[in-house]
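The values are calculated or read from the model by the stated rules, or taken from the named source; none is laboratory data. Remember, it's a predicted structure, so these values are computed and weren't measured experimentally. Virtual Cβ from ideal backbone geometry, glycine too; neighbours counted across all protein chains shown.
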Amino acid sequence: MKTLTSPISSILFGLFSVAQAADIYVAPSGADSNSGDKAQPLASLAAAQTKARTFAGKESVTVHLADGIYYLPETLVFTPDDSGSEAHPVTYKAVNEGGPVLSGGSELKLTWEAHKSGIFKAATPEGLVIDQVFIDGRNQRMARYPNYDPKKKAEPYQGFAADAFSKERAKNWADPTGGYIHSLHKSRWGGYHYRITGKDAKGEVTYEGGWQNNRQMGMHKDYRMVENIFEELDAEGEWFHDAKTNTLYYKPVAGTDLNSAKVEVVRLRHLIEFKGSEEKPVEHIALQGFVVRHAARTFMDTKEQLLRSDWAIYRGGAIFLTGTEDIQILDTEFDQVGGNAVFVNNYNRNTLVKGCHIHDAGASGVCFVGEPDAVRDPLFEYHETNDLSKIDRTVGPKTNNYPSGSAVEDCLIHGIGRVERQPAGVQISMAQGITVRDVSIYDCARAGINISEGTWGGHLIERCDVFDTVLETHDHGSFNSWGRDRFWHKDRGYSQKEIDKDPELPFLDAMKTTVIRDSRWRCDHGWDIDLDDGSSNYDIYNNLMLNNGLKLREGFRRHAWNNITVNNGFHPHVWYVSSKDKVYSNIFMTPHKPARMSTPFTKDGTMVDRNLYAADEASVMKISKKLGWDANSVFGDPMFVDPAKGDFRVKDGSPALKIGFKNFPMDQFGVKKPSLKAIARTPEIPALKASGGEGKASRSMKWLGATLTDLSGEDFSAYGVSKEEAGVALSELAGNAAAAKAGLKDGDLIQAVDGRKTPNVRQFGRVIRGAKGTVKLKVVRDQTAIEVEVTL
């Protein structure tokens with residue numbers, strides 16, 4: 001195998017001058033019996049592919065596609081036989097960018113007639129399976145309850161109901177078989193999907209599914225929605241297809257002329273696939289300038305666990321790559337695809353997605369996901385654990401079966417997670433050296449950019465603009481990561497002991513530093529940047545965080561400097577001792593908001609100091625002194641240049657300059673391509689708030705030699721529970737205390753006593769005062785519910 005060039009040099013192979021070139025022309029008006037020259041174009045991509053193979057590797061080949069719709073009868077598959085070379089690449093290119101539409105659907109010629117209540121019906125071809133219906137290019141909605149309300153942008157499913165599939169609701173359904181249930185996770189960590197199989201003898205709805213989330217904790221009791229049920233067809237833009245009678249029912253939007261409307265339905269999941277291997281990759285092919293449309297939804301096949309993240313995933317997308325080198329997807333619009341837009345699967349090198357517009361996708365925008373067989377000692381579910389005395393201590397991957405050296409550049413990505421609720425604009429898992437650069441990402445059900453684990457780091461995220469994220473879910477960030485790698489254990493004390501013996505343990509998988517820099521972030525329903533469980537080996541600098549600041553939970557060697565957190569600050573959660581984290585030269589506007597941290601964290605170079613706080617010194621230092629931090633930090637007005645217009649550079653004379661802060665550009669964030677920049681949104685710039693103190697103190701009480709405290713703010717995330725669940729947190733537990741002798745531990749969360757809920761200290765006091773003898777406590781320990789008996 002040849003030695004790979006760097007991604008930056010190899011992705012520019014289209015600029016090389018070549019001695020020979022072949023041109024092939026395709027047009028909807030052409031014929032596959034034609035020669036394929038400009039005067040006699042072919043009609044299909046498949047015919048062009050066959051002809052291009054005769055030149056591949058010997059001459060540079062350009063396949064020119066004229067404007068029009070190309071309905072693909074089946075997935076177009078590129079194999080190593082289609083490969084070009086560095087000197088002689090193969091390019092499939094639009095004559096006019098955005099003119100050729102590649103469709104995984106079909107157009108239906110229907111005769112409509114009135115049904116009732118504004119609903120029309122039409123006969124469809126026998127055996128037709130319909131997943132989505134497009135009317136004049138716009139995706140319509142399956143009949144659903146409750147109805148869709150576009151004004152409820154940040155509300156789950158844009159309309160939810162606790163009784164979505166209740167027995168009472170189902171009384172009105174003659175046969176709901178084939179309908180779907182969509183529900184958020186109990187703690188709003190993504191969602192679940194189920195296929196309705198019917199009703200039982202008692203009239204209860206029966207269903208299968210729920211495998212789409214890796215944290216199996218059940219449905220949320222309120223955030224539910226059903227679709228594809230005929231009796232719920234009652235709103236404009238809704239449809240239902242009765243496969244038994246081959247009839248399509250549709251309630252048109254006011255003003256729609258069904259006699260002239262173009263009706264398209266979706267057939268294919270994958271429109272284009274690249275199928276090669278590490279030994280024989282598909283190489284040097286570019287796709288440029290297309291619109292990709294009509295890819296089927298895949299939510300019921302989102303089953304594969306992604307190591308110990310919260311995710312399950314479907315390995316597939318409208319464009320799907322396996323076993324490739326130097327493949328480019330350029331200047332392409334992905335319009336309302338039902339699942340992932342681009343999926344870079346297993347062995348791939350130097351993949352480039354550039355200048356693309358990805359919007360209104362059912363799942364994620366671009367996914368880079370390797371194979372678990374490349375991971376040493378992989379674990380899949382959150383509660384699975386390794387015996388750290390027996391794990392493989394070899395650094396890095398076991399095989400090359402993962403994406404590396406690839407990039408998403410200069411793209412506009414928005415409307416992510418229209419169907420699924422555990423998506424990302426860019427998703428990275430079991431990969432190395434992925435660059436996300438000059439990308440605008442917004443309007444996401446969950447993360448803008450997500451890194452599932454530390455394998456194997458080396459990613460670069462720069463000059464991005466990411467906002468309006470975590471719109472329907474909870475406890476996440478515009479940037480989110482996990483690091484539940486080989487070293488990580490849900491019992492932090494256990495992994496701490498092993499890391500004390502071998503400080504390199506956290507870097508067996510997170511072997512290369514991931515850099516987040518020169519970007520703008522805003523999350524109104526989580527953290528702007530959220531490095532969750534175990535995330536390790538990050539450099540974070542020159543970032544503007546507009547709303548909810550920076551969170552670092554557990555993990556090792558996170559260096560954060562020269563960042564600005566507007567109206568917020570730093571959120572340290574549940575740190576290891578000797579983490580070697582360094583947080584310095586930042587501008588924070590509030591005191592730290594620690595969770596489950598109350599003693600100094602300064603060992604072995606761990607340091608939080610030399611920061612500027614636009615907050616009251618007393619309130620900052622009340623917290624910082626407990627943690628051993630900020631002895632050399634300063635306080636005062638940062639003297640921003642023009643915060644109302646988003647310019648948070650500081651003026652000459654700012655106290656920030658005294659602690660080493662350096663201005664960075666405020667006009668570099670997001671997509672640069674002129675046609676995309678012209679339509680890209682930018683985040684709302686918040687008005688500066690008066691500097692705040694530490695907030696209201698949590699209520700606490702003493703009980704059996706321990707301190708019990710209400711949860712507030714950051715604590716819910718730290719304990720892994722929702723605000724609806726709550727509980728009282730146990731701390732300051734001496735070894736000889738009665739609570740310790742009963743089996744309780746520091747960090748336990750007590751949610752109930754003998755079945756009676758104790759969401760706060762006041763309620764706990766009421767319940768425990770009336771209890772006698774032995775009581776059963778419902779306790780959350782390491783995010784797992786257990787029962788502990790205590791004799792009073």
For this session: Return the residue satisfying two criteria in turn: it lies in segment 390-407 and is part of a loop (DSSP other than H, G, I, E, B) and of a type in the set (A, V, I, L, M), and of such residues it is surrounded by the fewest Cβ atoms within 10 Å (Cβ to Cβ).
Result: 395
Exercise. Got at least one residue in segment 709-727 being touching a residue at least 24 places away in the same chain (Cβ under 8 Å), closer than 25 Å to residue 382 by Cα, assigned to a strand (DSSP E or B) and of a type in the set (Ser, Thr, Tyr)?
Worked result: no
Seminar exercise, completed: Okay, strands (runs of 3 or more DSSP E) sitting entirely in segment 25-108 with 3 or more residues that are over 32 Å from the mean Cα position of the chain (by Cα), I get 60-65
Exercise. With respect to residue 676, is the statement that it is within 25 Å of residue 516 (Cβ to Cβ) and in a loop (DSSP other than H, G, I, E, B) true?
Worked result: no
Exercise. With respect to the numbered conditions (1) surrounded by 24 or more Cβ atoms within 10 Å (Cβ to Cβ); (2) of a type outside the set (Gly, Ala, Ser); (3) closer than 30 Å to residue 497 by Cβ, which one is the sole condition not fulfilled by residue 577?
Worked result: (1)
Exercise. Can you tell which of 432, 427 is of a type in the set (S, T, N, Q) and within 22 Å of residue 680 (Cα to Cα)?
Worked result: 427
Problem set entry | Top-ranked residue in segment 656-701 [being under 27 Å from residue 715 (Cα atoms) and among the polar types (S, T, N, Q); ranked as modelled with the highest pLDDT] | 700
Exercise. Do we have residue 622 as touching a residue at least 60 places away in the same chain (Cβ under 8 Å), in a loop (DSSP other than H, G, I, E, B) and not aromatic (Phe, Trp, Tyr) here?
Worked result: no
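Here's the yes/no breakdown for (1) more than 22 Å from residue 561 (Cα to Cα); (2) among the basic types (Lys, Arg):
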site	(1), (2)
651	no, yes
666	no, no
672	yes, yes
689	yes, yes
Exercise. From the list 501, 551, 497, 512, which one is in contact with a His (Cβ under 9 Å, 6 or more places away or on another chain) and more than 30 Å from residue 638 (Cα to Cα)?
Worked result: 512
For this session: Tally the residues that are in a loop (DSSP other than H, G, I, E, B) and either modelled with pLDDT under 95 or more than 19 Å from residue 344 (Cβ to Cβ) (or both), restricting the search to segment 307-321.
Result: 3
Exercise. Has segment 216-232 got any residue that is in contact with an Asp or Glu (Cβ under 9 Å, 6 or more places away or on another chain) and modelled with pLDDT under 95?
Worked result: yes
For this session: Report the residue count in segment 250-298 for those that are among the aromatic types (Phe, Trp, Tyr) and either surrounded by fewer than 21 Cβ atoms within 10 Å (Cβ to Cβ) or not in a loop (DSSP other than H, G, I, E, B) (or both).
Result: 2
Problem set entry | Scan of segment 723-732 for residues that are surrounded by fewer than 18 Cβ atoms within 10 Å (Cβ to Cβ) and on the phi < 0 side of the Ramachandran plot, ordered by number | 723, 724, 731
Seminar exercise, completed: Checked 301, 360, 326, 387 against criteria (at positive phi and surrounded by fewer than 21 Cβ atoms within 10 Å (Cβ to Cβ)); the one match is 360
Exercise. Does segment 491-502 hold any residues that are within 23 Å of residue 397 (Cα to Cα) and in a loop (DSSP other than H, G, I, E, B), and which are they?
Worked result: 502
For this session: For segment 297-313, indicate whether the set of residues that are under 18 Å from residue 415 (Cα atoms), in contact with an Asp or Glu (Cβ under 7 Å, 6 or more places away or on another chain) and touching a residue at least 24 places away in the same chain (Cβ under 8 Å) is non-empty.
Result: yes
Exercise. Restricting attention to segment 110-126, and to residues there that are in contact (Cβ under 8 Å) with a residue 60 or more places away in the chain and loosely packed, with under 12 Cβ neighbours inside 10 Å, which single residue is farthest from residue 77 (Cα to Cα)?
Worked result: 117
For this session: Would you please list the contacts, defined by Cβ atoms under 9 Å and residues six or more apart or on different chains, that run from a residue in segment 736-758 that is assigned by TED's automatic domain parsing to the domain that holds residue 771 and in contact (Cβ under 8 Å) with a residue 12 or more places away in the chain to a residue that is of a type in the set (Ser, Thr, Tyr) and crowded, with 20+ Cβ neighbours inside 10 Å?
Result: 747/719; 749/719; 750/758; 751/758; 752/758
Exercise. How many residues are at pLDDT 95 or above and at positive phi when one looks only at segment 575-603?
Worked result: 3
For this session: Would you tally the residues in segment 781-791 being in contact (Cβ under 8 Å) with a residue 24 or more places away in the chain and under 13 Å from residue 743 (Cα atoms)?
Result: 5
Problem set entry | Scope segment 138-178; condition in a loop (DSSP other than H, G, I, E, B), exposed (fewer than 13 other Cβ atoms within 10 Å of the Cβ) and either touching a helix residue (DSSP H, G or I) at 6+ places or on another chain (Cβ under 6 Å) or modelled with pLDDT of 95 or more (or both); matching residues | 149, 162, 171, 172, 174
Exercise. Restricting attention to segment 6-24, which residues are assigned to a loop (DSSP other than H, G, I, E, B), exposed (fewer than 15 other Cβ atoms within 10 Å of the Cβ) and modelled with pLDDT under 50?
Worked result: 6, 12, 16, 17, 18, 19
Problem set entry | Every residue from segment 747-758 that is surrounded by 18 or more Cβ atoms within 10 Å (Cβ to Cβ) and in a loop (DSSP other than H, G, I, E, B) | 747, 748, 758
